[in-house]
Amino acid sequence: MFESRFMPCPECGASLDRQIEPNHECSTERRAEYQMFALRDEIAQLEAGVQHYLGTTLGRFETWLAARKVRSAG
Ligand SMILES: [Zn+2]
């Protein structure tokens, strides 16, 4: 079976030459950036989900309730 000599590290996304660095260690910084990048869709979806929720009747009610609580607390 054909296997590519280069493969992306599943942890940090670095392109690894398996013949040169079989024991690759991820850079912490690179791994954090890669994982943020991998999660960007989920983050965007969460944001859209919240926006959508706030537009529903229940969401509007909760917004109203929260505002009321804040005002009465002061
Ligand atoms: Zn890595």
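The values are calculated or read from the model by the stated rules, or taken from the named source; none is laboratory data. This is a predicted model, so every value here is computed, not measured. Here the Cβ is made from the backbone with ideal geometry for all residues, glycine too, and neighbour counts use every protein chain on show. Remember, those area values only see protein heavy atoms, side chains included, never the ligands or the DNA or RNA. Shrake-Rupley method; radii C 1.70, N 1.55, O 1.52, S 1.80 Å.
Anything in the range 11-20 that is under 18 Å from Glu33 (Cα atoms) and surrounded by 11 or more Cβ atoms within 10 Å (Cβ to Cβ)? List them, or say none.
Glu11, Cys12, Gly13, Ala14, Leu16
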### Task
Name, by its number, the condition in (1) more than 16 Å from the ligand (Cβ to nearest atom); (2) at pLDDT 90 or above; (3) out of contact with any helix residue (DSSP H, G or I) (no Cβ under 6 Å at 6 or more places or on another chain) that does not hold for Gly74.
(2)
### Task
From (1) part of a helix (DSSP H, G or I); (2) on the phi > 0 side of the Ramachandran plot, pick out the condition that doesn't hold for Gln51.
(2)
### Query
What about Phe61, is it within 16 Å of the ligand (Cβ to nearest atom), open to solvent by 100 Å² or more (accessible area, probe 1.4 Å) and part of a helix (DSSP H, G or I)?
no
#### Entry: Pick from the range 1-10, criterion part of a loop (DSSP other than H, G, I, E, B) and open to solvent by 90 Å² or more (accessible area, probe 1.4 Å), ranking: nearest to Ala38 (Cα to Cα)
Pro10
